[in-house]
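Here's the structure, in structure tokens; my notes come after.
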Amino acid sequence: MEDTIVINGVTYVRQDSNERESFLDQSLNDIMSNFNFDKVQKVMEFLNWTWTYSENPIPCVRELKECASRLLVECYDHCIKNQTRFETGTGGFIVRGFYDGENNKVFLKLVFSLAEWDNEQEFA
């Protein structure tokens, strides 16, 4: 059965209402409530950073939240399904997930990156 939850004006679809999805809801609520999307949007305006798939060339806060929430859910789902770490991103957003097998939970991190470099050839 499919139901929805609204967090900060963004609607999320849940497939099941079990303990894992409850933890996902709590994680999403925490990240979406505390991440500074206004600051990201101001930086994007300042840098004239555009998204080709945005309603406007420079995405509004609502679009930033929708993108971030999609990435967070995608990362969570991958971590749960494969019981592993996972990283995904687009448009400056990076989401990292860590699967905690002992508690069967996924811990998520949302980052907006302007620049990054690493000399590693392979990541563990």
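We did not get these values from a lab; they are worked out from the coordinates using the rules stated. Remember, predicted model here, so these are calculated numbers, not experimental data. Reconstructed Cβ throughout: ideal geometry from the backbone, glycine too, with neighbour counts over all protein chains shown.
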Note, Phe107: beta-carbon cut-off 11 Å, +1 each Lys/Arg, -1 each Asp/Glu, net +2
For Glu45, placing the label point 7 angstrom along Cα-to-beta-carbon and taking segment 59-81, residues whose amide nitrogen sits under 15 Å are 59-64
Contour minus Cα-Cα span, Gln26 to Ser113, at 0.36 nm per residue, comes to 28.9 nm
One checks the Cα atoms of segment 18-124 and finds Rg and Dmax, in Å, of 14.9, 44
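Enumerate by residue number the GluC sites (Glu not before Pro) in segment 20-124 meeting two conditions: DSSP loop (anything except H, G, I, E, B), and at most 14 other Cβ atoms within 10 Å of the site's Cβ.
Within segment 20-124, the qualifying GluC sites (Glu not before Pro) (loop, at most 14 other Cβ atoms within 10 Å) are Glu55, Glu102, Glu116, Glu120, Glu122.
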